[in-house]
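What follows is a set of notes on a single structure, which appears directly below.
The values are calculated or read from the model by the stated rules, or taken from the named source; none is laboratory data. These numbers were taken from a predicted model, which means no experiment stands behind them. Don't worry about glycine lacking a Cβ; one is built from the backbone with ideal geometry, like all the others, and counts go over all protein chains shown. Note: areas computed on protein heavy atoms with side chains; ligands, DNA, RNA excluded. Shrake-Rupley method; radii C 1.70, N 1.55, O 1.52, S 1.80 Å.
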Amino acid sequence: MSTSLKTSAVLLTLSLALSTGAVSAAPVITSLSTGTTPQATGTAAVKTFAIELNGSAISEQAFQPSGAAEPLVPLRAVAEALGFTLTWNQAGKSAELNKGNIVTTVKSGEDRYTVNRMNTTLGTAPLTKENKLYVPASFVSSVLQQTLSVEGQTIVIASAAEHMTGNGVITAVNTDAKYPSVQIRGTGTSGLVLNVSGDTAFQKADGTKLTFDDLQIGMTIEAEHALFSTRSLPPQSPAYQITVLDSAQPADLLGTEGSVEEIKTSQDGTSMIRINGFGLTETSQSDIILNLSKDTVIVNESGEPVEAGAVVQGTQVIGFYGPMLTRSLPAIGTAWKIVVITAAQE
């Protein structure tokens, strides 16, 4: 490999590694061995690159102008080969890409890429050449979340795994018609927001179909979501499937997060705790006394069982309870589920 080719590969690797973006956990950029013979270069001012995707060559080429930090790849050819739908907006001179829950917008001349409602930059703006829109190679890994490497003058793209699975207790349900979502494993800036769409599937653990409207706070769910997430607080990730793990649940649950101010245990062994903090919904209490029955579930933010002894005075918890409360101050109810907040989330 000539010195210029080595320099090109190194520059691309550094560009991809250092590019700033609004997503994290992007597929690792690796050096893949393909055995492909490097294509002939163009002039000294412009280098051309062959493109290989999942072992097959794409007919169109990438190119790298003199002084550019990385090669530019033809957007439509690469995106459609990866299974994305590309829609061209003539009025805005922009392209929208969609695949499942991954949506992004690209506009010629603007180093700004929309990823799941968050903007990111890559250090290189897309450009139009011979009526084709080209994007920096790092767009493939940082935005489309595919694995990418450069071998000589061949850009090698491999489809990355798209899903991961994690559990959590729902603390918020956003019913916004345009951007519905649920938050798990924490409140405020903690936890994870799962963005849902028409492609998201909902079900019970036994396979019974559900809808987004069936979700409510307090539920423990298993979420199949993207490997990547935004760098916002809390991070956001598109959800592909949400499975409710609770066998049964009261309707119209309320929730209060706060510190356990007081614990009382009766002679029959039942306990009562007072939580002072803030309500998770408009009708939830900021100060509540909850009776812990033999049926009260005690878990951590991920829905894993926790010993009852973990609930002591001063512990940060989220109490979930039904809407039937006494008229006393503070109101008294029965806890359906208590989530013990770990130190990392406090």
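On inspection, V156 passes the criterion of being under 30 Å from A50 (Cα atoms) and either open to solvent by less than 70 Å² (accessible area, probe 1.4 Å) or touching a residue at least 40 places away in the same chain (Cβ under 8 Å) (or both). Residue check: is T265 open to solvent by 50 Å² or more (accessible area, probe 1.4 Å), more than 34 Å from the chain's Cα centre (by Cα) and touching a residue at least 12 places away in the same chain (Cβ under 8 Å)? No: the conditions fail for T265. With respect to the stated conditions, E96 fails to be at pLDDT below 95, of a type in the set (D, E) and over 21 Å from A239 (Cβ atoms).
Across the stretch 206-233, the number of residues qualifying as within 21 Å of S247 (Cβ to Cβ), in contact (Cβ under 8 Å) with a residue 12 or more places away in the chain and part of a loop (DSSP other than H, G, I, E, B) comes to 5.
For the stretch 242-258, which residues satisfy the criterion of being among the polar types (S, T, N, Q) and either assigned to a loop (DSSP other than H, G, I, E, B) or surrounded by fewer than 17 Cβ atoms within 10 Å (Cβ to Cβ) (or both)?
Just the residues of the stretch 242-258 that are among the polar types (S, T, N, Q), to begin with: 243, 247, 249, 256.
The answer is S247, Q249.
Scanning the stretch 286-294 for any residue that is open to solvent by less than 60 Å² (accessible area, probe 1.4 Å), assigned to a loop (DSSP other than H, G, I, E, B) and free of Cβ contacts under 8 Å to residues at least 24 places away in the same chain turns up nothing.
Does Q203 satisfy the criteria of being modelled with pLDDT of 95 or more, out of contact with any His (no Cβ under 9 Å at 6 or more places or on another chain) and part of a strand (DSSP E or B)? Answer is yes for this residue.
For the stretch 129-160, how many residues meet the condition of being in a loop (DSSP other than H, G, I, E, B) and in contact with a Phe, Trp or Tyr (Cβ under 9 Å, 6 or more places away or on another chain)? Break it down stepwise before answering.
Step one: filter the stretch 129-160 for residues in a loop (DSSP other than H, G, I, E, B), giving 130-131, 137, 143-146, 152-153, 159-160.
Of the ones still in play, those that are also in contact with a Phe, Trp or Tyr (Cβ under 9 Å, 6 or more places away or on another chain) are 137, 143-145, 152-153.
Total meeting the criteria: 6.
Here Y179 passes the criteria (1) modelled with pLDDT of 90 or more; (2) more than 30 Å from T342 (Cβ to Cβ); (3) open to solvent by 40 Å² or more (accessible area, probe 1.4 Å) except the one numbered (2).
Within the stretch 75-115, which strands (runs of 3 or more DSSP E) (wholly inside it) include 1 or more residues that are within 13 Å of K132 (Cα to Cα) and open to solvent by 10 Å² or more (accessible area, probe 1.4 Å)?
Values: elements: 85-89, 94-99, 102-107, 113-115.
The qualifying strands (runs of 3 or more DSSP E) are 85-89, 94-99, 102-107.
Scanning the stretch 314-324 for residues that are open to solvent by 30 Å² or more (accessible area, probe 1.4 Å) and outside any loop (DSSP other than H, G, I, E, B) returns a single hit, Q316. The requirement of being closer than 25 Å to I298 by Cα and at pLDDT below 95 is fulfilled somewhere in the stretch 151-165, by at least one residue.
Considering each residue of the stretch 163-200, count those that are part of a strand (DSSP E or B), over 19 Å from R117 (Cβ atoms) and of a type outside the set (A, V, I, L, M, F, W, C), and give that number.
Taking the stretch 163-200 as the starting set, the residues that turn out to be part of a strand (DSSP E or B) are 163-174, 181-184, 192-195.
Now narrow it down to the ones that are over 19 Å from R117 (Cβ atoms): 163-171.
Retained after the next criterion (residues that are of a type outside the set (A, V, I, L, M, F, W, C)): 163, 165-168, 171.
Selection size over the stretch 163-200: 6.
Pairs are defined by a Cβ separation below 7 Å, a sequence spacing of at least 6 or placement on different chains, a first member in the stretch 183-202 that is under 12 Å from A172 (Cβ atoms), and a second member that is part of a loop (DSSP other than H, G, I, E, B) and among the basic types (K, R); the pairs so defined are G191/R185; L192/R185.
Taking the listed residues V297, V311, the one that is more than 19 Å from I217 (Cα to Cα) and crowded, with 17+ Cβ neighbours inside 10 Å is V311, with no other qualifying. Pairing each residue of the stretch 300-318 that is more than 21 Å from S286 (Cα to Cα) with any residue that is among the polar types (S, T, N, Q), provided the two are 6+ apart or on different chains, yields C-beta distances under 6 Å for S302/N167; G303/N167; G303/T220; V306/N300. If I ask for residues that are touching a Ser or Thr at 6+ places or on another chain (Cβ under 8 Å) and open to solvent by 10 Å² or more (accessible area, probe 1.4 Å), which ones from the stretch 137-151 would you list? Listed by number, the residues that qualify are S142, T147, V150, E151. Checking L11, L16, L86 one by one, the residue that is farther than 13 Å from V140 by Cα and at pLDDT below 50 is L11 and no other.
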